[in-house]
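The values are calculated or read from the model by the stated rules, or taken from the named source; none is laboratory data. Quick caveat: nothing in here was measured; it's all calculated off a predicted structure. Ideal geometry is used to build each Cβ from the backbone, glycine not excepted, and the neighbour counts take in all protein chains shown. Each accessible area value is taken on the protein alone, full model and side chains, heavy atoms only, with ligands, DNA and RNA left out. Shrake-Rupley method; radii C 1.70, N 1.55, O 1.52, S 1.80 Å.
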Amino acid sequence: MRLTRIEIFNFRKLRRARLDLFDKQTLLVGANNSGKTSAMKALRKFLNDRGGMDTRDVTASNWAAIEQIASAWTQDAEADLSPLLAQLPFLDVWLHADTSELHHVAHLIPTLTWTGGLQGVRLRLEPKKGADIKAQYLAAREAALTLQPGGGTADGFALWPRDFREFLDKRLKDLFELNAHLLDPASFNTTEPVEPHPLPPLSEGIGANPFAGLIHIREINAQRGFADASESKGDDDEPTNATSRKIASQIQPYFRKHIDPEKDPTPDDLKALEAIHDAETTFNARLEDGFASAIKELEDLGYPGGLNNPKLSIATQIKPVDGLDHPAAVQYDVSGDKSGVKLPESYNGLGFQNLISMVFQLMRFRDDWMQVGKFKSQVVTPDDTSIEPLQLVLVEEPEAHLHVQVQQVFMARAHKVLRNHTDLEKEDSAFATQLVVSTHSGHIAHAAALEELRYFKRELPSHGVVPTATLANMTGLFGDDTETRRFVTRYLLSTHFDLFFADAIIVIEGAAERILLPHVIQNHYPDLAVAYLSFLQLGGSHAHRMRPLIEALEVPTLIITDLDAVTKVTKELENGKKKNVWQSARPLSGAAQKTANHALKTWIPEMPEVDSLIATPPNALCHTDATQTIAVAYQTPQEVTQGAQTQLVAPSTFEDALALTNPKAVKDAAKADLACSMTRDFATYITAATAPEDLAEKLFFRLAKNTDKAAFALDLLYIEDIKALRAPPYIDAGLTWLAGKLEGGA
């Protein structure tokens with residue numbers, strides 16, 4: 001059995017979101033404020049807490065429609081509540097079960113013809129039995145309007161409730177509850193837009209917790225409070241302080257459930273209990289002797305005394321768990337030898353505490369589920385003796401306090417820890433474990449397979465004033481193109497996964513752009529300087545292979561690439577024959593040149609002719625795709641002044657475009673003692689060239705040697721005023737477009 005899909009509706013940023021779950025582990029990734037926390041909160045409130053929602057959990061853009069529905073009740077108090085329920089949060093859960101698991105899912109069978117496969121359950125907010133939502137709201141409004149006929153004063157004061165939302169702010173938990181309904185598996189689809197599945201006619205609820213005895217749900221939330229100096233102790237299961245996650249606070253409930261010798265003692269427990277009794281007897285004798293004089297002094301005062309007043313005595317009662325109830329219950333041996341120097345856990349770094357704490361919690365979740373040790377004997381009712389066939393573990397932001405290597409180790413081992421049990425290790429185990437992790441860390445995403453990622457992407461508000469989010473499934477992203485999938489996966493593994501958390505992506509050609517563009521952006525593009533930009537260093541011949549991934553992310557993306565102009569020349573072969581070949585050339589208009597850049601030929605703007613490419617782009621900035629989320633910037637003719645002449649010259653690469661734009665910076669960089677040969681040559685050409693065309697020609701042939709490009713960029717870092725360095729016109733156009741996209745412009 002496993003969960004296959006969860007669809008979230010009308011919950012916070014997730015108005016309509018589809019989360020497909022991988023068999024073992026699923027990672028929720030995305031930029032800040034993209035909806036990951038909303039998804040984890042929805043899973044918690046619907047599946048684990050089974051309620052506890054308030055009006056802030058309703059998607060903000062839905063309130064306009066909700067208020068219209070409530071306003072209509074004044075004309076039709078008998079109106080159906082279905083439109084209102086469609087605007088409130090609900091969750092569709094799809095799971096897959098075999099016929100061998102019929103005894104677990106019998107109450108979820110949709111039809112008598114079910115022979116295994118999908119089962120769907122909707123959990124939604126519904127009015128409690130006997131709760132007349134409309135009547136109570138209309139009565140409250142009428143009472144307010146009776147006392148305040150105008151509905152409010154000039155300065156804004158109004159009696160409760162001013163609107164339906166204010167009414168629900170106080171009454172939602174009193175009037176609504178969670179209820180579950182069965183869904184028809186025939187409505188399950190894989191390609192259609194995310195739409196609510198219709199409920200079968202006359203559908204009746206089956207209660208708030210249809211997964212009792214079916215799914216064992218546990219959670220590690222993001223607020224783990226490792227800086228807290230003291231802990232509050234709760235009952236036998238958890239500390240009362242929800243943010244307390246120190247190991248000492250977790251050991252006690254684990255001890256009580258699985259080890260406590262006072263519960264169903266074994267022969268080994270008997271020895272421990274006898275030792276505790278002996279210690280208690282010895283300690284009581286010492287207490288009696290030590291307090292004897294003090295008690296005698298009290299008795300001499302006449303209190304307590306007499307026949308009707310009991311005498312004072314002092315004794316101790318030692319419980320096994322008391323030995324773990326102190327700040328140094330968990331210690332770390334830091335001696336490295338046999339001297340046994342130990343320190344309490346609070347003396348270790350937060351990262352180490354966090355890692356050990358999370359791993360211990362995962363172990364505890366597993367052992368609680370599998371009823372390890374004495375936990376099974378603590379189960380009282382017969383209905384609780386069975387083990388749920390599925391465990392769902394939610395982990396929120398495990399990267400807190402962890403350095404990079406440990407983040408990757410945790411992600412690689414977490415699921416293995418949850419399966420480290422004799423009944424779970426086999427592939428054909430009757431018990432399944434699914435792990436869902438939300439993260440802001442590219443290093444954690446790096447440790448997972450691409451197919452396990454679920455990307456949250458922001459979408460501009462088309463149905464209201466509040467942005468919402470949707471999900472992109474990385475599974476099957478490249479279809480049957482195994483070569484592209486292999487390239488992208490290996491490229492991401494060899495670099496980083498930060499593009500899944502970026503506000504915008506900039507695809508660049510080589511090392512020179514990677515070295516200099518951050519400085520240019522920092523000094524001249526303030527809106528981009530404060531954004532989270534992900535730089536992908538790809539040659540022009542490979543950028544198009546990222547197309548499926550970039551288009552799926554729908555993040556504003558600027559591709560900065562080279563024009564790569566080529567011209568047809570006739571080459572004489574050794575046997576005397578001649579052959580037409582395409583040779584690299586300096587971009588020129590009217591020269592029948594083409595581009596060798598695959599991204600420009602096959603992606604954006606799909607133009608192979610150089611004459612078409614160097615014409616003014618559609619918006620005078622750069623070429624964009626149909627959705628306006630991806631743009632490409634490449635070398636186009638730029639105005640260059642050399643000597644007494646000013647001409648339009650088309651550069652061939654980033655380096656010569658940069659030199660033509662910043663001639664003084666190049667000459668300043670060449671003055672350094674360790675300046676590379678390319679920097680010195682460029683400075684010489686800038687000084688000696690008589691015309692812009694002459695300078696462009698010299699730069700092109702020097703670049704044909706294809707050496708020292710990175711060294712040239714590094715030399716420019718030595719100039720005294722780095723702020724004087726400006727982007728070439730084609731890159732300036734692209735960065736201007738990107739800044740506009742981040743501001744919400746067209």
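Whether a residue is part of a loop (DSSP other than H, G, I, E, B) and open to solvent by 40 Å² or more (accessible area, probe 1.4 Å) was assessed, and residue 124 does not pass this test.
Checking the stated criteria, residue 490 turns out to be assigned to a helix (DSSP H, G or I), modelled with pLDDT under 85 and surrounded by fewer than 19 Cβ atoms within 10 Å (Cβ to Cβ). Quick check on segment 133-144. Is at least one of its residues among the small types (Gly, Ala, Ser), exposed (fewer than 13 other Cβ atoms within 10 Å of the Cβ) and over 38 Å from the mean Cα position of the chain (by Cα)? The answer is yes, given that some residue of segment 133-144 is among the small types (Gly, Ala, Ser), exposed (fewer than 13 other Cβ atoms within 10 Å of the Cβ) and over 38 Å from the mean Cα position of the chain (by Cα). Note on segment 380-426: residues that are more than 17 Å from the chain's Cα centre (by Cα), outside any helix (DSSP H, G or I) and modelled with pLDDT under 85 total 5. I'm trying to understand the selection: among the residues of segment 145-166, which are in contact (Cβ under 8 Å) with a residue 40 or more places away in the chain and open to solvent by less than 30 Å² (accessible area, probe 1.4 Å)? Listed by number, the list holds a single entry, 164.
Quick one: in segment 213-267, of everything that is within 23 Å of residue 48 (Cα to Cα), open to solvent by 60 Å² or more (accessible area, probe 1.4 Å) and at pLDDT 60 or above, which residue is farthest from the chain's Cα centre (by Cα)? Restricting to residues being within 23 Å of residue 48 (Cα to Cα), open to solvent by 60 Å² or more (accessible area, probe 1.4 Å) and at pLDDT 60 or above, the top hit is 218.
Looking at segment 501-524, is at least one residue part of a loop (DSSP other than H, G, I, E, B), in contact with a Phe, Trp or Tyr (Cβ under 6 Å, 6 or more places away or on another chain) and within 23 Å of residue 709 (Cα to Cα)? The answer is no; no qualifying residue exists. Taking the conditions exactly as written (closer than 11 Å to residue 728 by Cα, in a helix (DSSP H, G or I) and either touching a Pro at 6+ places or on another chain (Cβ under 7 Å) or not acidic (Asp, Glu) (or both)), does residue 683 satisfy them or not? No; evaluated as a whole, the condition is false for this residue. For residue 171, the requirement of being closer than 26 Å to residue 50 by Cβ and either out of contact with any helix residue (DSSP H, G or I) (no Cβ under 6 Å at 6 or more places or on another chain) or of a type in the set (Gly, Ala, Ser) (or both) is met. Of the residues making up segment 9-24, those that are open to solvent by less than 30 Å² (accessible area, probe 1.4 Å) and over 15 Å from residue 95 (Cα atoms) are 9, 10, 11, 14, 17. Is it true that some residue in segment 438-449 is β-branched (Val, Ile, Thr), part of a helix (DSSP H, G or I), touching a residue at least 24 places away in the same chain (Cβ under 8 Å) and open to solvent by 30 Å² or more (accessible area, probe 1.4 Å)? The answer is no; no qualifying residue exists.
If the condition is being open to solvent by 50 Å² or more (accessible area, probe 1.4 Å), out of contact with any Ser or Thr (no Cβ under 9 Å at 6 or more places or on another chain) and over 30 Å from residue 740 (Cβ atoms), then segment 556-595 contributes 568, 570, 571, 572, 573, 574, 575, 577, 590. Within segment 4-13, no residue satisfies the criterion of being modelled with pLDDT under 95 and among the hydrophobic types (A, V, I, L, M, F, W, C). Selection within segment 152-184: residues that are of a type in the set (Gly, Ala, Ser) and outside any strand (DSSP E or B). The member of this set that is farthest from the chain's Cα centre (by Cα) is 154.
Okay, residues lined up against (1) more than 45 Å from the chain's Cα centre (by Cα); (2) under 28 Å from residue 595 (Cα atoms); (3) assigned to a helix (DSSP H, G or I); (4) not polar (S, T, N, Q):
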position: 618; (1), (2), (3), (4): no, yes, no, yes
position: 693; (1), (2), (3), (4): yes, yes, yes, yes
position: 714; (1), (2), (3), (4): no, no, yes, yes
position: 727; (1), (2), (3), (4): no, yes, no, yes
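I'd like the full set of residues that are open to solvent by 10 Å² or more (accessible area, probe 1.4 Å) and either within 15 Å of residue 126 (Cα to Cα) or in contact (Cβ under 8 Å) with a residue 12 or more places away in the chain (or both), limited to segment 59-70.
If the condition is that a residue be open to solvent by 10 Å² or more (accessible area, probe 1.4 Å) and either within 15 Å of residue 126 (Cα to Cα) or in contact (Cβ under 8 Å) with a residue 12 or more places away in the chain (or both), then 60, 61, 63, 64, 65, 67, 69 are the ones that fit.
The rows are residues; the columns are (1) among the charged types (D, E, K, R); (2) open to solvent by 30 Å² or more (accessible area, probe 1.4 Å); (3) at pLDDT below 95.
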{"site": "639", "(1), (2), (3)": "yes, yes, yes"}
{"site": "659", "(1), (2), (3)": "no, no, no"}
{"site": "664", "(1), (2), (3)": "yes, yes, no"}
{"site": "669", "(1), (2), (3)": "no, no, no"}
{"site": "674", "(1), (2), (3)": "no, yes, yes"}
{"site": "683", "(1), (2), (3)": "no, no, no"}
{"site": "701", "(1), (2), (3)": "no, yes, yes"}
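Residue count for segment 25-41 satisfying the condition of being surrounded by fewer than 18 Cβ atoms within 10 Å (Cβ to Cβ) and in a helix (DSSP H, G or I): 0. Do you know which of the residues in segment 450-487 that are in contact with a Ser or Thr (Cβ under 8 Å, 6 or more places away or on another chain) and in a loop (DSSP other than H, G, I, E, B) is modelled with the lowest pLDDT? Applying the filter and picking the extreme gives 463.
Return yes when residue 690 is modelled with pLDDT of 95 or more, open to solvent by 10 Å² or more (accessible area, probe 1.4 Å) and not basic (Lys, Arg) and no when it is not.
no
On inspection, residue 435 passes the criterion of being buried (at least 21 other Cβ atoms within 10 Å of the Cβ) and touching a residue at least 60 places away in the same chain (Cβ under 8 Å). For segment 328-366, which residues satisfy the criterion of being assigned to a helix (DSSP H, G or I) and modelled with pLDDT under 70? Passing the criteria: 345, 346, 347.
Just a yes or no: is a residue in segment 75-88 in contact (Cβ under 8 Å) with a residue 60 or more places away in the chain, more than 35 Å from the chain's Cα centre (by Cα) and part of a loop (DSSP other than H, G, I, E, B)? Checked segment 75-88: at least one residue is in contact (Cβ under 8 Å) with a residue 60 or more places away in the chain, more than 35 Å from the chain's Cα centre (by Cα) and part of a loop (DSSP other than H, G, I, E, B).
Taking the criterion of being charged (D, E, K, R) and open to solvent by 40 Å² or more (accessible area, probe 1.4 Å), the only residue of segment 87-120 that qualifies is 98.
All told, residue 44 meets the bar of being assigned to a helix (DSSP H, G or I), over 16 Å from residue 164 (Cα atoms) and modelled with pLDDT of 90 or more.
The requirement of being modelled with pLDDT under 80 and out of contact with any Asp or Glu (no Cβ under 9 Å at 6 or more places or on another chain) is satisfied by residue 325.
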